[in-house]
Structure formats: C-alpha cells, structure tokens
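Chemist: Input: one structure, supplied below.
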Amino acid sequence: MIRRIACMAALIGATSASVASADAPTSVDEAVTTFTLNNGMDVVVVEDHRAPVVQHMVWYRVGSADEPAGVSGIAHFLEHLMFKGTDTLEPGELSATVAANGGRDNAFTSYDYTAYFQRVAADRLELMMQMESDRMRNLRLTQEDVDTERDVILEERAQRTDNNPRSLFGEQMNASQFLNHRYGVPIIGWRHEMEELDMDDALSFYSDHYAPNNAILVISGDVTPENVRTLAEQYYGVIPANPDVTARSRPQEPPHNTARRLVFKDARVAQPYVHRSYLAPERDPGDQEKAAALFLLAKLLGGGQTSYMTTKLQFEDQTAVWTGAFYNGTALDDTSFDVIIVPAEGVTLQQAEDAMDQVLADYVAKGVDQEELDRIKLQLRASQIYARDNVDGIASRYGRGLTSGLTVQDVQDWPDILQAVTGDEIIAAAREVLQLDSSVTGWLMRDDEVTQ
C-alpha cells in the first residue's frame, strides 16, 4: 500500500503523505526508551499502559528514492512480495495469523522508508516479532509469486494513477519540480519500468537493504522496555548485520533558477485547478526552526476555513471554490511547499492564478495576524493531548522521523519549536521559499479547454 493524504480528493499526491502525521505535534510526556542491538538495529519503545494493546513496527531506511535507475517501483513491489512465504511461513500466513489473533497488519512504502506493522493484543508481541524477524532474512519467492504480484501492482497503478487525471497531473508536477532527485519519480513506479521488474530485481533490493542494521524497530503500547529488549534480542538480535549497508547517497538537486510551467489536459477532468509547487527545505536534525515556520505558514495560508487564502479568495473575492496550502517537512532531502486554487464558475485559470499570486504577495507584505497564529498554536497544543490516545500514530511519528534523518530528540522537540516560532520568522521563511525561480506552476484542464 502506498501511503497518501487526501487534499481536495487527493489533488496533490504522495509527496504530502507525511503532513498529517510526522509533521503533526507529538504527544506530551511520552515515556520513550531507545537502545541499539549488537547487530546495529535501533529500537524505540513508547510505553502506554492504558490499554492492553501494542503496535509493532519495523521501519527500513529505504524507500523509492533509493531505487537504482531503471527499476522504479521496486521498493513498493518488494513490499508486496514480503507477504509471500518464508522457510516457515506459507504465503499469506503472516497476515492470517495476525487476523486469527484479533489484530490487523499492513505495510506502506514512501520515498524515504518502507514500514511493516501489526497492531495486536500486548500478549501477542512475541509472536509478531517471531514472524517479522523471519521475513527480514528468510523471504522465499517463486516465479508465480513474482508474476502474480507484478500484475497486482500494475493494476494498482491503473486504478490509482492511470485512471485518475489528478494523479497523472501530480506525477508530472513532481517530475518537473525535482530535476535530478528521485523524488521526481513516482513511488509506485513508471509503468514501462514496472512491467519489467523481475525476481532478480526484487531479491537484489531485498539483500541490499533488508537487514537489522538498516532497520528501526518501534514498539508502542502496553509494554516495558525490559520485555521489548529481551524479545528483540531473541528474535532480531540473532540476525547478522549486513556489512555492505552504507549511508544513503542520492543525486541532489542543482540550483533552480527558472520558473517552470505545465498544462495537463484530460477529458476526464471534472474540476480544473491551478497547482503551484515551490522547492523547500525539510526538517533537519537539530535545525527544525525554518521547517516549523513553513509548517505554520501552510496552516495560516490555506489550512482551514479561517485561513488567509480561504478568507480572501473564497469568501471575499469569490474567485475560488477551494484553496489550500501544504508543506511536507518530514523528508530526508529538500521537499516542497504547495498551494492550490480551484476557480469559481466563470473564473479562468489565468485569473485564478493571478488572484493567488496577489494574495500571496499581499500576505508577505502585510505580515502574520498574531491572533490567528495564537489560535493555530493553541489548536496544535490541543492535538498533542488527543494524540496520546493513538498508539498507531505515536509509533508512526517516531518511525517516519527517524527514517527521515531526525533523532528521537528532534521528534520530541518539535511541539515546542512550533510554539516558539514568531510571525517575523514565518514571513522570513515565506520570502525565502515562495520564489518563482524555484517553482512549478501547473494547470489541470479538460482537453476541450483553451489556455489563456
């Protein structure tokens, strides 16, 4: 499964997958313990004894942006194949066992990580570790497995991307935004390369990246660090480290010194709109202040019914029927800041874009409304309290953060950093990032429309 976040029925694609999770404030007073096994596997334990449940997650520091050229989609393809058999498990047996024990399981692939999880009763944790550690090193594939699952991912692409003009448009936006980085390649892969994926590709990727010293075990729920350590050493600790695992090295972006534009036409488009994407810095370890300012900028500009773009473009000028701003800060490398405007009836895309540009310029010139900023910060504080009831979300925040280059301390510091951001810092970040020279502007249109 490829994790995505819906925004205006998924107007922008998988690049925003982390916005509502890893970028959200963490819960307060989390009891977190960390340690590393002798084979290099990192372990994070988040205790919550209010309910007898546990979330067991294994996060690999590898995603689609780490794929070799020419085999796009192999990270996601391998995720599917990991549910096939091992020396001791029949294909599908792991998920069936989880279900038989009253739990649920799944997996997801992003640009920067691949993760596998089970949510079960706390007394089933050992069984989960036994099965998950087994497939970390003992995956067994047949040619039928490969052929069948390749058809599955091709069908997934057909349903989610090829049959959806918004998704096709989003692919082209990403490919235009990232000139050299693999963030410009879709997580699911380009179809022509997916069709050629084979067993050698899968097993090579598996042997290169699936190892304890390239993984993070995150356990949240009704557990103790001592019990987790005992079980982790028993099941994961006996797996040898892969000495060939090295730090991730990716092609980086060259300087962006010109604005880019694209028009995507499709007869299936129900609602034309304008999408602007700016290259933006990510959250960096020990240096998250600028990312926090951009996170709050997205909230202030297009994060709800009282946001600046919504107020000006939807309610006052009635130029738009929908607007939004998005920032995906939890990434290993430079990410994007996105704004979208869906024009009202009778408003052309050019008029909508001009109105959007004027509103952005006015906001930077006018500055942040302190009352609105205080309101958003209060909402973020409240969300920390609500987050304490979400064992899944707690584990996911740490997993996404750590596989994106952050530390446990960074994840824990994030809420306070957000609260400390000033209006001046937000405007300074806006002036730096909202530059046309580092932007891509896309128009999604019906194929019978004319550009203006």
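Chemist: Would you point out the residue of region 274-285, among those that are under 16 Å from ASP334 (Cα atoms) and among the aliphatic types (A, V, I, L, M), that is surrounded by the most Cβ atoms within 10 Å (Cβ to Cβ)?
Modeler: ALA280
Chemist: Taking the stated definitions as given, is GLN370 free of Cβ contacts under 8 Å to residues at least 60 places away in the same chain and either surrounded by 15 or more Cβ atoms within 10 Å (Cβ to Cβ) or over 26 Å from LYS290 (Cα atoms) (or both)? Don't jump to the end; show me each part of the working.
Modeler: Details: free of Cβ contacts under 8 Å to residues at least 60 places away in the same chain: yes; either surrounded by 15 or more Cβ atoms within 10 Å (Cβ to Cβ) or over 26 Å from LYS290 (Cα atoms) (or both): no.
Against the criterion (free of Cβ contacts under 8 Å to residues at least 60 places away in the same chain and either surrounded by 15 or more Cβ atoms within 10 Å (Cβ to Cβ) or over 26 Å from LYS290 (Cα atoms) (or both)), GLN370 does not qualify.
Chemist: I'm checking my understanding of the structure. Among residues of region 309-326 that are assigned to a strand (DSSP E or B) and over 20 Å from LEU294 (Cβ atoms), which one is least open to solvent (accessible area, probe 1.4 Å)? Can you show your working first?
Modeler: Restricting attention to region 309-326, the residues satisfying the condition of being assigned to a strand (DSSP E or B) are 320-326.
With the extra rule that they be over 20 Å from LEU294 (Cβ atoms), the set shrinks to 320-322.
Details: ALA320: 8, VAL321: 79, TRP322: 65 Å².
Result: ALA320.
Chemist: Looking only at region 69-92, filter to residues that are without any contact (Cβ under 8 Å) to a residue 12 or more places away in the chain and at negative phi; which one of those is farthest from the chain's Cα centre (by Cα)? It would help to see each step written out before you state the result.
Modeler: Filtering region 69-92 for residues without any contact (Cβ under 8 Å) to a residue 12 or more places away in the chain gives 69, 90, 92.
Narrowing the set further to residues that are at negative phi leaves 69, 90.
Values: ALA69: 21, GLU90: 31 Å.
Here the residue is GLU90.
Chemist: Something else now. Is it true that some residue in region 103-115 is over 30 Å from ARG191 (Cβ atoms), open to solvent by less than 10 Å² (accessible area, probe 1.4 Å) and touching a strand residue (DSSP E or B) at 6+ places or on another chain (Cβ under 7 Å)? First the steps, then the outcome.
Modeler: The initial filter retains those residues of region 103-115 that are over 30 Å from ARG191 (Cβ atoms), namely 103-104.
Adding the requirement that they be open to solvent by less than 10 Å² (accessible area, probe 1.4 Å) leaves none.
No, there is no match, as no residue in region 103-115 is over 30 Å from ARG191 (Cβ atoms), open to solvent by less than 10 Å² (accessible area, probe 1.4 Å) and touching a strand residue (DSSP E or B) at 6+ places or on another chain (Cβ under 7 Å).
Chemist: Can you pull out every residue in region 237-293 that is hydroxyl-bearing (Ser, Thr, Tyr) and touching a helix residue (DSSP H, G or I) at 6+ places or on another chain (Cβ under 8 Å)? Explain how you work it out, then say what you get.
Modeler: If we filter region 237-293 for residues that are hydroxyl-bearing (Ser, Thr, Tyr), which is where we start, we get 246, 249, 258, 273, 277-278.
Correct list: THR258, TYR273, SER277, TYR278.
Chemist: Are any residues in region 251-263 farther than 10 Å from SER439 by Cβ and either of a type in the set (Val, Ile, Thr) or surrounded by 15 or more Cβ atoms within 10 Å (Cβ to Cβ) (or both), and if so, which ones? Give the derivation first.
Modeler: Here is the first cut: in region 251-263, the ones farther than 10 Å from SER439 by Cβ are 251-255, 257, 262-263.
If the condition is that a residue be farther than 10 Å from SER439 by Cβ and either of a type in the set (Val, Ile, Thr) or surrounded by 15 or more Cβ atoms within 10 Å (Cβ to Cβ) (or both), then GLU253, LEU262, VAL263 are the ones that fit.
Chemist: Kindly establish whether GLN288 is surrounded by 15 or more Cβ atoms within 10 Å (Cβ to Cβ) and within 30 Å of ASP437 (Cα to Cα). Before you say what the answer is, go through the steps one by one.
Modeler: Numbers: surrounded by 15 or more Cβ atoms within 10 Å (Cβ to Cβ): yes; within 30 Å of ASP437 (Cα to Cα): yes.
Against the criterion (surrounded by 15 or more Cβ atoms within 10 Å (Cβ to Cβ) and within 30 Å of ASP437 (Cα to Cα)), GLN288 qualifies.
Chemist: Separate question: So which helices (runs of 4 or more DSSP H) are wholly in region 379-444 and hold at least 2 residues that are surrounded by fewer than 18 Cβ atoms within 10 Å (Cβ to Cβ) and not hydroxyl-bearing (Ser, Thr, Tyr)?
Modeler: Output list reads 408-420, 423-433.
Chemist: Would you confirm whether or not region 22-33 contains a residue that is at pLDDT 95 or above, open to solvent by 20 Å² or more (accessible area, probe 1.4 Å) and more than 25 Å from the chain's Cα centre (by Cα)?
Modeler: No: zero hits.
Chemist: Still on this structure: Counting residues that are over 27 Å from ILE239 (Cβ atoms) and among the hydrophobic types (A, V, I, L, M, F, W, C), which helices (runs of 4 or more DSSP H) fully inside region 89-197 reach at least 1? Walk me through it before giving the result.
Modeler: Details: elements: 93-100, 125-137, 143-157, 165-177, 191-194.
Per the criteria, 143-157, 165-177, 191-194.
Chemist: Using the structure shown, decide if GLN130 is touching a His at 6+ places or on another chain (Cβ under 8 Å) and either open to solvent by 30 Å² or more (accessible area, probe 1.4 Å) or modelled with pLDDT of 95 or more (or both).
Modeler: no
The values are calculated or read from the model by the stated rules, or taken from the named source; none is laboratory data. Bear in mind the structure is a predicted one, so any value in this text is a computation, not a measurement. Methodologically, a virtual Cβ is constructed for each residue, glycine included, from the backbone with ideal geometry; neighbour enumeration extends over all protein chains shown. With ligands, DNA and RNA removed, areas are computed over all heavy atoms of the protein, side chains included. Shrake-Rupley method; radii C 1.70, N 1.55, O 1.52, S 1.80 Å.
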